[in-house]
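Here is the structure we will look at, set down as structure tokens.
We did not get these values from a lab; they are worked out from the coordinates using the rules stated. Everything numeric here is computed off the predicted structure, so don't read it as measured data. Cβ: placed from backbone, ideal geometry, glycine included. Neighbour counts: every protein chain shown.
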Amino acid sequence: MNHPQPQTPDFGRSPRGIRRPGMQRFRASSRQRRDLAFQLSVFLVACALVCGLLWFGISRSLDKFFFQNPAYNLVDLDLELDGLIGPEDFRRLTGVECGKNIFRLDLVAVDAALRGVPTVQNVSVERELPGRLSVRLSSRHAVARVDEPGREESAAPLLVDDTGFLMRPVLMKSAYLALPVVQGVRVNEVQQGRLLESDDLGNALALLREMRARPDGGFSIESLDISKGYCLDATMADGVKVKFAAGGFPAQLDKLGRLLGHCRETGRQLVSANLMVTRNTPVVFAMAEPPPPPAKAPSKKSKTSKPNVP
């Protein structure tokens, strides 16, 4: 008796010679992905090759027509340096020399180098084809000098503008020596090229600002001591000592103007004044010089009789 053979269970395999539709789709999609990746690679390589050739051609063209063209060499420097630096200082700071290609000049670096000079406020740098570079500098307006004990006389003074910006000039101007001197500034806080945020210095600058607003007031300060804080001790150009309160400068200058007017009318000479006091301002006048003694009349010589000559 023949017994039936046991059937091997079918775990998803298809009969021999028969392919399942899912497997066909998987293999087809794999082929498509490989083909797409190959085509994309070929496209990217072709694009890179084309871009490289274009860049090479553009670079050669730029070099030929611009960067290596002697027609665009720098032949003229139009410098307006406002007396802040000299032409040699300009070349040293920026490295700009005639003969260089004008398109190879880094104008951003030139601008930054010039702004690094503390006394420079504004910078304008422009190319003017074919071979001209135009540079314009404008200076910060110094309103006073800062006293530095122990500074050598040959060293440039430290200047301050109306905002409290500290700067040391590269080139000296005679006008700097005529500026009032601010004394009592904390030297350990002084940093060139920085703003000095000091209330005492701010009061001194406010007083100087108010004086400049009154050009006909006859006010001219030689030095200003701010070391006390609660007041400002000023020495005027004519040697008069004036003590100002640290604030309310318009009213104090009005009082000083009336006092100087009184001196002009009466011919008296002011020595010192304390404007901190609201009423009955303490004032010291110079003692009037005694009038010179009257000149003695020349004595008449007595007439002598001549002796008789025999």
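Below, the figures for the structure above:
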read-out	value
Residue in the range 192-205 that is surrounded by fewer than 17 Cβ atoms within 10 Å (Cβ to Cβ), of a type outside the set (Ser, Thr, Tyr) and in a helix (DSSP H, G or I) present	yes
Index of the failed condition, residue 252 passing every other in (1) of a type in the set (S, T, N, Q); (2) in contact with a Phe, Trp or Tyr (Cβ under 7 Å, 6 or more places away or on another chain); (3) in a loop (DSSP other than H, G, I, E, B)	(3)
Enumerated strands (runs of 3 or more DSSP E) restricted to the range 65-172, each holding at least 1 residues that are basic (Lys, Arg) and closer than 30 Å to residue 183 by Cβ	142-146
Any hit, the range 120-142, residues being in contact with a Phe, Trp or Tyr (Cβ under 6 Å, 6 or more places away or on another chain) and loosely packed, with under 15 Cβ neighbours inside 10 Å	yes
